[in-house]
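**Q** Take a look at the following structure, please.
Read-outs throughout are calculated quantities, based only on the coordinates presented, and are distinct from any laboratory measurement. As the structure is a prediction and not an experimental result, all values here were calculated from the model.
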Amino acid sequence: MESDDLSFWESRTLEHAENPKNVGQLKEYTGHARITGPCGDTMEFWVFERDGHVEHASFITDGCAHSAACGSMATSLAQGRSASDAAALSQQDILDALVDLPEESEHCALLASDTLRAALEDSAKRKQHPRKAAKAKTCSSCGDSSCQASKRLPGESDEDFEERKKISERLCRIRHKVLVLSGKGGVGKSTVAVNLAVSLMLAGKRVGLMDIDIHGPSVPTMLGLTGEEVRVGNGEILPIELGGLKVLSIGFFLPSQDEAVIWRGPMKMGAIKQFIRDAAWGDLDFLIVDSPPGTGDEPLSVCQILGDVDGAVVITTPQKVSAVDVRKSISFCRQLGVPVLGVVENMSGFACPKCGEVTPIFRSGGGRNLAVDMAVPFLGSIPIDPGIALACDEGRAFIHQYGETATARIMQDIIRPIMQLDRMEAPDAGNPANERTEPKDNTAVKENSPMRIALPVAEGKLCMHFGHCERFALVDVDVDAKSITKREDVAAPPHEPGLLPGWLAERGASMVIAGGMGQRAQGLFAEKGIRVLTGAPGRNPEEIVTEYLTGSLELGENTCDH
């Protein structure tokens, strides 16, 4: 086909492919972001900012010609602008510049503007945390003479040197590494690891979840990923992606769930090393590692390979027999120089599914007493809640699916100190008490009895597409009395990425109930202290709120979970 016969959009794609400035990763960059849109197209941006201006911008996409055109236009508009002006570029700015983009492809412009903005936000964060920003560069380009991969160790072979260098290059792109450990099996490590990872993802963090329980991998089941097959591309293992979460588990490599893994220590260490060395984790804010019980091969191997670990969350149950074993995990961490972020007491009483009252079944306080005795923080107690078992069996994260229950609020309180790692220096491994100053928590949820709930509305019913509704129903409720006190309908503002969280916060909303909402949007609402409940049915808003207040609201799938 001659170039004259190409359509305008095919020409834009050809121009994009032939322009090396617009293809692939910049060799030097200050910010990076990767977002998958609602139609499955993925866009990835790199920006280089100097003296407050965008000097270069680059992108790649696996989407259609329209997606490539929008990405190309976003980079063209961004280059030469101040970082703040470039971050303010909207979907409409890109559409105006392209002129004739078909209406059904306008979401490509939204994806481009969102990804560009996220890359610039990442650049700003790296400026605020220069120590962490340095970790984003690979060992072949950082020029840091103190880097462990920059020099060959005495007696190290060429093969070992190259392997160590490759592992270091992977780890340099991961800002925080957190282990979930326990000396006892069956205490709920995977449950805590999954909900921690999903909570971080919903807060807008780039998160990886690595399941190193070789003999009993349960993460695929808990996330509804059973049967997924890991692909390999460009010599790299590609983790399974769920929204903004990257997941890797030995369970993805087994022919069936009934298959037993009968391996000795060296084979297990080899698999864990491959998960780190050969997996395309990319740039992550957090890597959560779900470890098997005990202090054997797997946790020892991962600590040795990861090296600089931000901390461990230790899980126990209230019984003395569990607490005794869990003490060994804390001693294990101290011997390896891994800070203990805190102890979580799981299965601490039974939470009644009707009234929410927690009834002690086992003797309580084992986790708190353990934390006091071992001089480590106590993060909280999670009761036995039937919803947790149901969520695990259905392959859904409890903290997301049942976010408004009392147990989910307990989980959020437990997870909050880990989320603050991005806002503070990692605890000192030499400090056995792990003392640290807690920053002001800007994501605390309003707990007052009067509250305002916002629901997107179209034609009098809940709108399934949150960002494109006609109006919002702002419903004032008395939580204690379980009653609606007032309803006010307001016209929705013009659709613009990132606008609604601030707009609804200004109108006093502390919760949003929606049919669906993307992960990045949920993170923006969390930053404003607004809780989000998704999967609500398309019915009358007052009916939905009443069911929520009485605990009878049944939720389905997130209709916009991207």
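**Q** Multiply the residue separation of residue 486 and residue 55 by 0.36 nm, subtract the distance between their alpha-carbon atoms, and state the gained length in nm to one decimal.
**A** Extra length from residue 486 to residue 55 when fully extended: 150.0 nm.
**Q** Can you compute 3J(HN,Hα) from phi for each residue in region 310-322, using the Karplus curve 6.51 cos²θ - 1.76 cosθ + 1.60 with θ = phi - 60°, rounded to whole Hz and x for Gly and Pro?
**A** Calculated HN-Hα couplings, in order: 6, x, 10, 9, 9, 9, 9, 10, x, 5, 4, 4, 6 Hz.
**Q** My understanding is that a pair violates if its Cα-Cα distance is over 18 Å; which of 125/165; 165/268; 166/205; 177/205; 205/273 do that in this structure?
**A** 125/165; 165/268; 166/205; 205/273
**Q** Here is a follow-up. Give me the log10 of I(q) over I(0) for region 158-423 at q = 0.08, 0.10, 0.13 Å⁻¹, as the Debye formula computes it from C-alpha points; what are the numbers?
**A** -0.30, -0.47, -0.81
**Q** Across 10 Å bins from the origin, how do the percents of Cα pairs in region 450-550 run, short distances first?
**A** Distribution as computed: 17, 55, 27, 2 percent.
**Q** So who's got an amide H within less than 5 Å of the one on residue 284, skipping anything under 5 residues away but keeping other chains? H placed 1.01 Å off N, in plane.
**A** Here the answer is 174, 175, since their amide H atoms fall under 5 Å of that of residue 284.
**Q** Out of residues 5 or more away from residue 512 or on other chains, whose amide H comes under 5 Å of its own, with H placed 1.01 Å from N in the peptide plane?
**A** Here the answer is 454, 531, 532, 533, since their amide H atoms fall under 5 Å of that of residue 512.
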